[in-house]
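The values are calculated or read from the model by the stated rules, or taken from the named source; none is laboratory data. Please read all numbers here as calculations on a predicted model, not as lab measurements. For neighbour counting, all protein chains shown are included, and Cβ atoms are generated from backbone atoms with ideal geometry for every residue, glycine included. These accessible areas exclude ligands, DNA and RNA; they are computed on the full protein's heavy atoms, side chains included. Shrake-Rupley method; radii C 1.70, N 1.55, O 1.52, S 1.80 Å.
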Amino acid sequence: MSFRFRFLGTGTSQGVPIIGKDYPAAFLANPRNHRLRASIYVETDGARFVVDTTPDFRTQMLREQLGFLDAVVITHAHADHIMGLDDCRRVCDLRGGPLPLHASRETLADLRRIFVYAFDGRPIPRGYFHPDPREVSGPFAIGDVTIRTFPLPHGNITTLGLVMEHCGRRRLAYFSDCKEVTDAALEAARGADVAVLDALRKEPHPTHMCLDEALTAARRIGAGRTYFTHMTHDYDHDADQAEMPDGVFLAHDGLRVETD
Ligand SMILES: [Zn+2]
């Protein structure tokens, strides 16, 4: 039974390219250097969901020709991970009802404040965003995928690191937006088929893993394949990919990954 996912976006909070900056023509000519905000779509025979709803969510769903979702998982409430949430109104239409929204208590509190109209308890007419908030307090399931969560340090908040299991195997460790992968998360992710890691840029950053930190985490996790995401324009995809060790890849928007 296959477990597959695709990168809806692989860029840092501003996306790549950023507004108002000149880039070499050769950099812009490579579509793999164009990065929307970071998110993935996960699909099995029994589950379809996204991790995070970025400001580019609508564009990403249209590009990938996606519509129906069983659920949304939000890792943390930074703008680049949540600002497409209202566009799930169309998903609610297709479902004919509310959309399960899995997030930590801290993140749900922020979502209730930011999208107050959707959470204020008043009846929600058809055609509008209708969340079904599910506070994450341990492992949970979306269809046939079990998700274990690990709080990861991300500046003055924590983000949810996700380890997804399917048909008894550790399929995917998704650790975006973190300064480090904690020992507990590392242990849970060890030997997974695939790891996706925050590798913001080449220079160290106070709230994200840089390239060296991500390479170290990749080695310790030892996944079958490791993909880097949440990347700035520091990375020129093809040139930097050539420098990566075996089994480590720079992700790009639209990339599809399958485990069998
Ligand atoms: Zn963040």
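When each of the peptides 8-19, 241-252 is scored by how many other beta carbons lie within 10 Å of its residues on average, the order from highest to lowest is 8-19, 241-252.
Over the range 43-112, what portion of Cα pair distances is larger than 13 Å, expressed as a whole percent?
Here the tail beyond 13 Å accounts for 64 percent of pairs.
Taking one quarter of the surface of the convex hull spanned by the alpha-carbon atoms of the range 3-251 gives a direction-averaged projected area of 13.3 nm². Computed from backbone phi with θ = phi - 60° and the Karplus coefficients 6.51, -1.76 and 1.60, the 3J(HN,Hα) list for the range 61-73 is 5, 5, 4, 8, 6, 10, x, 6, 9, 7, 5, 10, 10 Hz; x is used for glycine and proline.
Karplus-derived 3J(HN,Hα) values for the range 30-38, using 6.51 cos²θ - 1.76 cosθ + 1.60 with θ = phi - 60°, are 8, x, 6, 8, 9, 10, 6, 5, 6 Hz; glycine and proline are entered as x.
With respect to the chain, whose longest principal axis is taken over its alpha-carbon atoms, helix 105-114 is tilted by about 70°. Taking amide H atoms as placed 1.01 Å from N in the peptide plane, the amide H of I40 lies under 5 Å from those of L8, V51, each 5 or more residues away in sequence or on another chain. Packing here is the average count of other Cβ atoms within 10 Å per residue, and on that basis the peptides 191-204, 89-102, highest first, run 191-204, 89-102. For the range 9-19, backbone phi angles converted through the Karplus equation (6.51, -1.76, 1.60; θ = phi - 60°) give residue-by-residue couplings of x, 10, x, 6, 4, 8, x, 9, x, 8, 5 Hz, Gly and Pro being listed as x.
From the P(r) of the range 133-260, could you give the percentage of C-alpha pairs in the tail past 26 Å?
Details: 1491 of 8128 pairs.
That tail contains 18 percent of the Cα-Cα pairs.
Antiparallel beta bridges, as assigned by DSSP with both residues in the range 3-251, represent about 55 percent of the total such bridges.
Protein heavy-atom accessible surface, 1.4 Å probe, per residue over the chain: 44 Å². Calculate how steeply helix 211-221 sits against the longest principal axis of the alpha-carbon atoms of the chain, using the helix alpha-carbon long axis, and give the answer as 0 to 90 degrees to the nearest 10. Approximately 70 degrees, to the nearest 10.
Please state the relative contact order of the chain as a whole percent: Cα pairs under 8 Å, 6+ residues apart?
Computed over the chain, the figure is 20 percent.
How much of the accessible area of the range 1-136, probe 1.4 Å, is carbon plus sulfur, in whole percent? Carbon and sulfur: 50 percent of the exposed surface of the range 1-136.
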